[in-house]
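Chemist: Have a look at the structure that comes next, please.
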Amino acid sequence: MVSGDLKLALTIPRGSLTEQKFSPIVLGCVLNNRNVYTRLKATECPDATMVDNNPLILERGEGSYVWDLDGKKYIDLCAGFGSLALGHNHKRLKKILENSTLYQGMGDVYASRSKLECLETLKSFLPEDFTHGAFAVTGSQAVELALKTACLYTGGSGVISFTEGYHGLDLGLLPITGREDFRAPFKGLLAKEIVEHVPYNSSNEKLEAALSALKRREVKPACVIAEPILGRGGMILPEEGFLERLSSFCKKNGILLILDEILTGLGRIGTYTSSHEISCDIICLGKILGGGFPISSCFAKKDIMKSWDLGQVESLHTGTFFGHPLMCELSKETLLEIKENSLAEKAKQLGEFLEKSLKEKLSHSKKIKDIRIRGLMGAIEFKEDGLAAKAMFSLRENGLILIPSGKEARTLSMTPALNISKDTLEEAISILTQTLLETL
């Protein structure tokens with residue numbers, strides 16, 4: 001997932017390892033980082049795993065710690081790109097895996113009790129008027145469901161999104177995702193004419209111009225899609241009043257506002273969802289929702305989601321693993337653990353501690369431009385391109401896992417488990433600050 005963000009920063013040419021002719025390795029070889037990585041590169045698509053001269057292969061995890069195949073221990077401040085709400089191998093989820101009696105269901109044909117219970121539990125995290133939702137597997141699929149819903153409800157197809165935004169890399173969503181480097185190789189397949197990109201924190205004038213551009217092409221506008229905080233774009237925060245202004249813009253023009261909270265939702269930034277503060281029409285949720293397992297969801301107000309009731313015999317939007325019973329059980333227990341242990345509030349408190357600590361220790365560094373923290377979603381932005389990627393490798397050597405974000409790899413991102421202990425976080429802060437001050 002991070003390979004695209006690292007291309008600029010890595011000093012290793014992308015093809016230097018992937019283009020080598022690897023010989024098959026016998027199954028009896030020693031399982032270590034180097035051997036397994038070599039075997040992987042002899043079999044896997046070159047784009048699927050980051051090129052690495054000193055590879056790390058994850059072997060096991062516990063809480064906020066992971067170990068590689070060489071036996072080295074790391075503090076994991078990435079937590080599965082923010083999906084491991086409860087850390088690795090949480091006992092509550094392990095119990096579900098041991099005792100579940102139904103692994104698979106029948107999608108849109110025959111439901112399961114676990115799907116109902118998960119929907120009802122998730123609904124309790126949302127504003128009261130978000131009454132109806134559906135499940136998918138990935139964040140991209142939840143966004144796709146949101147866009148289809150907006151299209152059905154409004155009768156339009158035009159979308160305004162943000163140049164720094166990230167909504168997934170599935171083919172149907174590539175026009176919506178902001179980064180040109182993700183879209184360029186597949187431009188012949190993309191319906192770009194239905195999308196207008198504007199910079200995040202844009203003025204009303206720029207939003208109006210985007211709306212006019214769609215109308216000039218005779219594309220009826222349907223929605224604006226926005227992340228409450230840009231994640232992969234470099235953890236860019238909204239300016240004061242921007243999201244409220246965006247909501248008012250949508251209401252004024254009769255289009256829907258979709259909040260993509262795949263990364264920010266369900267406690268990550270210290271609140272259940274930004275929709276409690278920002279009036280919107282559709283919410284996309286994922287990552288934390290599954291506690292590390294693949295499930296996502298799209299929720300909307302009743303009259304909006306009712307637009308799917310077209311009297312058709314077969315479902316228009318389904319998948320073999322949508323509403324997967326086992327995933328729904330795991331999701332429900334994750335949500336209950338978050339609520340019962342006030343993990344959103346704890347994330348807010350730990351985030352304040354993290355921000356204070358990092359600013360105290362790093363504010364005098366000439367290499368650092370900014371430190372941004374909201375709950376347990378944080379970023380350190382450097383002044384030079386590529387420094388975040390270089391920092392990632394230095395930190396890894398010292399037992400700490402973080403990843404870069406943003407096209408220029410200037411931002412070091414952190415999304416630890418919501419239940420990370422303060423002691424572990426303090427240890428991570430110590431490694432992080434000392435490494436950055438000594439190596440950059």
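The values are calculated or read from the model by the stated rules, or taken from the named source; none is laboratory data. All values derive from a computational prediction rather than experimental measurement. No Cβ is skipped: glycine too gets one built from the backbone with ideal geometry, and neighbour counts run over all protein chains shown.
Chemist: Considering only region 134-154, I want to know if a residue exists there that is at pLDDT below 95, among the acidic types (Asp, Glu) and closer than 24 Å to ASP108 by Cα.
Modeler: no
Chemist: Something else about it: With region 278-383 as the region, which strands (runs of 3 or more DSSP E) entirely inside it contain at least 1 residues that are surrounded by fewer than 16 Cβ atoms within 10 Å (Cβ to Cβ)?
Modeler: 368-374
Chemist: Being at pLDDT below 95 and of a type in the set (Val, Ile, Thr): is that true of THR264 here?
Modeler: no
Chemist: Name, by its number, the condition in (1) touching a residue at least 40 places away in the same chain (Cβ under 8 Å); (2) within 18 Å of THR424 (Cβ to Cβ) that does not hold for GLU352.
Modeler: Among (1) touching a residue at least 40 places away in the same chain (Cβ under 8 Å); (2) within 18 Å of THR424 (Cβ to Cβ), the lone unmet condition for GLU352 is (1).
Chemist: Pick from LYS339, LYS361, LYS346, LYS332: which is of a type outside the set (Gly, Ala, Ser) and under 17 Å from GLN434 (Cα atoms)?
Modeler: LYS361
Chemist: Give me the residue from region 77-125 that is closer than 30 Å to MET377 by Cβ and among the polar types (S, T, N, Q) and, out of that set, surrounded by the fewest Cβ atoms within 10 Å (Cβ to Cβ).
Modeler: Only one residue fits best here, namely SER124.
Chemist: Additional query: Of the conditions (1) part of a loop (DSSP other than H, G, I, E, B); (2) within 25 Å of PRO404 (Cβ to Cβ), GLU240 clears all except one; give me its number.
Modeler: Here GLU240 clears every test but (2).
Chemist: Do the conditions hold for ALA210, that is, is it aliphatic (A, V, I, L, M), in a helix (DSSP H, G or I) and at pLDDT 95 or above?
Modeler: yes
Chemist: Something else: Enumerate the pairs (first residue in region 422-440 and at pLDDT below 95; second residue anywhere and surrounded by fewer than 18 Cβ atoms within 10 Å (Cβ to Cβ)) with beta-carbon separation below 8 Å, excluding pairs fewer than 6 apart on the same chain, so at least 6 apart or on different chains.
Modeler: From residues that are at pLDDT below 95, the pairs are THR439/SER394; LEU440/SER365; LEU440/LYS367; LEU440/SER394.
Chemist: Tally time: how many residues in region 282-306 are β-branched (Val, Ile, Thr), under 20 Å from LEU336 (Cα atoms) and touching an Asp or Glu at 6+ places or on another chain (Cβ under 7 Å)?
Modeler: Qualifying residue count, region 282-306: 1.
Chemist: Moving on. Is it fair to say ILE225 is within 22 Å of LEU335 (Cα to Cα), aliphatic (A, V, I, L, M) and modelled with pLDDT of 95 or more?
Modeler: Against the criterion (within 22 Å of LEU335 (Cα to Cα), aliphatic (A, V, I, L, M) and modelled with pLDDT of 95 or more), ILE225 does not qualify.
Chemist: If you don't mind, there's one more thing I want to ask. Does LEU174 meet the test of being modelled with pLDDT under 90, of a type in the set (A, V, I, L, M) and surrounded by 22 or more Cβ atoms within 10 Å (Cβ to Cβ)?
Modeler: Here the answer is yes, as LEU174 does meet what is asked.
Residues are listed down the side, and each one gets a yes or a no for (1) touching a Ser or Thr at 6+ places or on another chain (Cβ under 9 Å); (2) in contact (Cβ under 8 Å) with a residue 12 or more places away in the chain:
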{"position": "PHE182", "(1), (2)": "no, yes"}
{"position": "LEU189", "(1), (2)": "no, yes"}
{"position": "LYS206", "(1), (2)": "no, no"}
{"position": "ARG217", "(1), (2)": "no, yes"}
{"position": "LEU243", "(1), (2)": "yes, yes"}
{"position": "THR273", "(1), (2)": "yes, yes"}
{"position": "HIS276", "(1), (2)": "no, yes"}
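Chemist: While we're looking at this one, here's another question. Could you run through region 390-440 and say how many residues are buried (at least 17 other Cβ atoms within 10 Å of the Cβ) and of a type outside the set (A, V, I, L, M, F, W, C)?
Modeler: Of the residues in that region, 16 qualify.
Chemist: What is the one condition in (1) over 17 Å from GLN349 (Cα atoms); (2) surrounded by 24 or more Cβ atoms within 10 Å (Cβ to Cβ); (3) in contact (Cβ under 8 Å) with a residue 60 or more places away in the chain; (4) within 19 Å of the chain's Cα centre (by Cα) that LEU387 does not satisfy?
Modeler: (4)
Chemist: Filter region 191-204 down to the residues that are in a loop (DSSP other than H, G, I, E, B) and in contact with a Ser or Thr (Cβ under 6 Å, 6 or more places away or on another chain) and list them by number.
Modeler: The one that is in a loop (DSSP other than H, G, I, E, B) and in contact with a Ser or Thr (Cβ under 6 Å, 6 or more places away or on another chain): PRO199.
Chemist: Shifting gears a bit: What tally of residues in region 107-117 results from selecting those that are free of Cβ contacts under 8 Å to residues at least 12 places away in the same chain and under 18 Å from GLN312 (Cα atoms)?
Modeler: 2
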